[in-house]
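Below is one structure, written out as structure tokens; the observations come after it.
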Amino acid sequence: MKRIVIFASGSGSNAENLIKFFQDSDVAEVIQVLTNNPHAKVLDRCKNLKISALSFNRIAFSKTNHVLDILNTLQPDLIILAGFLWKFPEHILNIYPNKVINIHPALLPKFGGKGMYGMHVHEAVVVQKEIETGITIHYVNENYDEGAIIFQAKCDVLTSDSAQDVAAKIHELEMEHFPKVVEELLK
């Protein structure tokens, strides 16, 4: 059985979707959720789903080996960033090469980079009058949103769409595709 650790910063809808998808799986299981936000809604979701969840601060994450030590104890086969907003430190990426993936709410390389997350991305898509957008699942490297692309799914952007409309379309794509792509990666 493959072991998944999820990093999240906010509401945790993608984390919850992944946890539920793998609850009865014979391929993998989510064994831990880690968050940099002690008030993140993902913590409540994990409590309700009976999944271990821990929060940490920036020092534990990037200045010491505390988070790395947790990961080494858990021995994950895959680390998933699901709405995790901090840049992943190189000292962890070096220990887990090609084992850290992220989901981004746009068709990379467009609308990626520092500060491009959530509604910031959807607003930029609308302002730029894009005719399509989507999701990108990619490996994480030392730069924001520049790792090798694993999968993309697209949706149309109508001229009448608001950023909230785009967000709803992206959310549907995430819910549909993210768990299936993770499962394929782990098979």
Listed residues Val166, Val127, Val157, most fluctuating in the chain (Gaussian network, C-alpha, under 10 Å): Val127
Scaled radius of gyration (Cα, divided by 2.2 N^0.38 Å) that the chain gives: 0.99
Proxy reagent accessibility, fewest Cβ within 10 Å first, across Arg58, Arg3: Arg58, Arg3
Modelled FRET efficiency - R0 22 Å, Lys187 with Asn48, Cβ distances, 0.05 increments: 0.20
Evaluated over the stretch 77-149, the Cα radius of gyration and Dmax, each in Å: 12.6, 41
Residues Cys46, Cys155 arranged by fewest to most Cβ contacts within 10 Å: Cys155, Cys46
Cα-based reach from Lys99 at 26 Å (exclusive), listing lysines while leaving out same-chain residues under 8 positions away: Lys2, Lys20, Lys41, Lys47, Lys50, Lys63, Lys87, Lys110, Lys114, Lys154, Lys180, Lys187
Helix-only [θ]222 nm of the chain, DSSP H runs n ≥ 4, -39500 (n - 2.57) each, per residue, nearest 500: -11000 deg cm²/dmol
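Give me Rg over Rh for the stretch 97-187, both radii from the alpha carbons and Rh done the Kirkwood way, two decimal places. Mind showing how you got there, number by number?
Numbers: Rg = 12.9 Å, Rh = 13.3 Å.
Rg/Rh: 0.97.
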Cβ charges +1 (Lys, Arg) and -1 (Asp, Glu), total dipole of the stretch 49-187, debye: 420
Estimated FRET transfer efficiency (Trp86, Asp156; beta-carbon r; R0 30 Å; 0.05): 0.40
Taking only Cα atoms of the stretch 1-96, radius of gyration then Dmax in Å: 12.5, 37
Computed lengthening from Ser11 to Asn57, 0.36 nm per intervening residue step minus Cα-Cα distance: 14.8 nm
Rounded FRET efficiency, nearest 0.05, which uses the C-beta distance separating Glu132 from Arg3 and R0 of 35 Å: 0.50
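Where a number appears in this text, it was derived from the coordinates with a stated rule and is not lab data. This is a predicted model, so every value here is computed, not measured. When we count neighbours, we look across all protein chains shown, and the Cβ atoms used for this are built from the backbone with ideal geometry, even at glycine.
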